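Visitor: Sharing a structure, written as structure tokens. Questions coming.
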Amino acid sequence: AQSVTQLDSQVPVFEEAPVELRCNYSSSVSVYLFWYVQYPNQGLQLLLKYLSGSTLVKGINGFEAEFNKSQTSFHLRKPSVHISDTAEYFCAVHNTNAGKSTFGDGTTLTVKP
Amino acid sequence: KAGVTQTPRYLIKTRGQQVTLSCSPISGHRSVSWYQQTPGQGLQFLFEYFSETQRNKGNFPGRFSGRQFSNSRSEMNVSTLELGDSALYLCASSSQGAPGRPYGYTFGSGTRLTVV
């Protein structure tokens, strides 16, 4: 069985400050990890993914994430956030055998001016 | 490249009715998955279709069904609607072909279903 825990339900931060959104996972099979972003009244958009190889992955909009196998974590980071980054962020682990992704409960990032 | 298109965007139905939601995946994507999103349960997997075959199914009652056509377009149907079926239904397509490494989903904007 797979599960994802997003450790913070809400993260408020000021514009141009750095941010980290935390994600821990558990998986009994090969680990494929994803971060998605959801803006109001929209579907989810893929930010970045870890399939294998380098543990530091870069995505769109200046986001990056680091896969840490020993700590079973996949935290999302951005060095300087913008107002437009205000959205809900979902961490997910994909199980290719089951053909589905398991999502965390989401973290609402609010960027304040 | 056109994205994933879901229709309709909004629906209001009465308890006991049935509803059909439609999804057109990205051209060339053969895998279509459906998820239900609610404030209480988050994102829950409904089913996945690949080449007109249901390949995987989540833990939802038989009132929830789907199908995929030869052009990869997919529909999901919910019969005998209950108040608890109110949710955002998201369709996601993927370029993953045979089981293997996933490429991630491209989601549509969803259909917001309200059951009254």
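Visitor: Near B:LYS13, which aspartates and glutamates are there with a Cα under 20 Å away, not counting those fewer than 8 places off in the same chain?
Guide: B:GLU75, B:GLU82, B:ASP85
Visitor: Which percentage, to the nearest 5, of the DSSP beta bridges contained in the protein assembly as shown is antiparallel?
Guide: Percentage antiparallel, nearest 5: 90.
Visitor: If the elastic network links every pair of Cα atoms under 10 Å, which of B:SER24, B:SER74, B:SER65 fluctuates the most in the Gaussian network model of chain B?
Guide: Greatest mean-square fluctuation among the candidates belongs to B:SER65.
Visitor: Amide H to amide H, which residues 5 or more places from A:ASP105 or on other chains are under 5 Å from it, using H placed in the peptide plane?
Guide: Correct list: A:GLN6.
Visitor: Work out the charge dipole of the protein assembly as shown with +1 on the Cβ of Lys and Arg and -1 on the Cβ of Asp and Glu about the Cα centre, then indicate which of B:ASN56, B:VAL115, B:SER86 is farthest towards its positive end.
Guide: Of B:ASN56, B:VAL115, B:SER86, it is B:ASN56.
Visitor: For the protein assembly as shown, give the magnitude of the charge dipole about the Cα centre (Cβ charges: +1 Lys/Arg, -1 Asp/Glu; no others), in debye to the nearest 20.
Guide: 600 debye
Visitor: Defining a contact as two alpha carbons under 8 Å apart and six or more residues distant in sequence, what relative contact order in percent does the range B:5-113 show?
Guide: 35 percent
Visitor: What relative contact order, as a whole-number percentage, does the range A:1-53 give when Cα pairs under 8 Å and 6 or more residues apart are counted?
Guide: In percent, rounded to a whole number, it is 30.
Visitor: Still on this structure: Can you list the lysines whose alpha carbon is less than 27 Å from that of A:LYS69, not counting same-chain residues fewer than 8 positions off?
Guide: A:LYS49, A:LYS58, A:LYS78, A:LYS100
Visitor: Also: What relative contact order, as a whole-number percentage, does chain A give when Cα pairs under 8 Å and 6 or more residues apart are counted?
Guide: 37 percent
Visitor: Then there's this: Work out from phi, with θ = phi - 60° and the Karplus expression 6.51 cos²θ - 1.76 cosθ + 1.60, the ³J(HN,Hα) of each residue of the range A:13-18, listed in order in whole Hz, and give x for Gly and Pro.
Guide: So the J values, rounded to whole Hz, are 8, 7, 4, 6, 7, x.
Visitor: Rule-of-thumb check for chain A: C-alpha Rg over 2.2 N^0.38 Å?
Guide: 1.02
Visitor: Continuing with this model, one more query. Working from the pairwise distances between different alpha carbons, so that the mean of 1/r is found and then inverted, what is the protein assembly as shown's Kirkwood radius in Å?
Guide: Kirkwood radius, the protein assembly as shown: 18.1 Å.
Visitor: State to the nearest 20 debye the size of the charge dipole of chain B about its Cα centre, where the only charges are +1 on K and R beta carbons and -1 on D and E beta carbons.
Guide: 140 debye
Visitor: Quick one: net charge of A:VAL11's neighbours, Cβ under 10 Å, K/R +1, D/E -1?
Guide: Local net charge: -1.
Visitor: Skipping prolines and chain starts, which residues have an amide H placed within reach, meaning under 5 Å, of the one on B:SER86, given they are 5 or more residues away or on another chain?
Guide: Under 5 Å from the amide H of B:SER86: B:VAL115.
Visitor: Follow-up question, since we're still on this one. In the range A:4-105, with Lys and Arg counted as +1 and Asp and Glu as -1 at Cβ, which of these residues, A:TYR25, A:VAL37, A:PHE90, has the Cα nearest the positive end of the dipole, that is, farthest along it?
Guide: A:TYR25
Visitor: Find how many whole Å separate the alpha carbon centroid of the range A:78-106 from the alpha carbon centroid of the range B:1-70.
Guide: 20 Å
Visitor: Right, here's the next one. Once amide H atoms are placed 1.01 Å from N in the peptide plane, what residues at a sequence separation of 5 or more from A:LEU48, or on another chain, have their amide H within under 5 Å of its amide H?
Guide: Answer set, sorted by chain and number: A:TRP35.
Visitor: Can you give the Kirkwood hydrodynamic radius of the range B:1-94 from its Cα pairs, in Å with one decimal?
Guide: 13.5 Å
Bear in mind that the values in this text are calculations on the coordinates, not laboratory data. Everything quoted here is computed from the prediction, not taken from an experiment. As a convention, Cβ positions derive from the backbone with ideal geometry for all residues, glycine included, and neighbour counts pool all protein chains shown.
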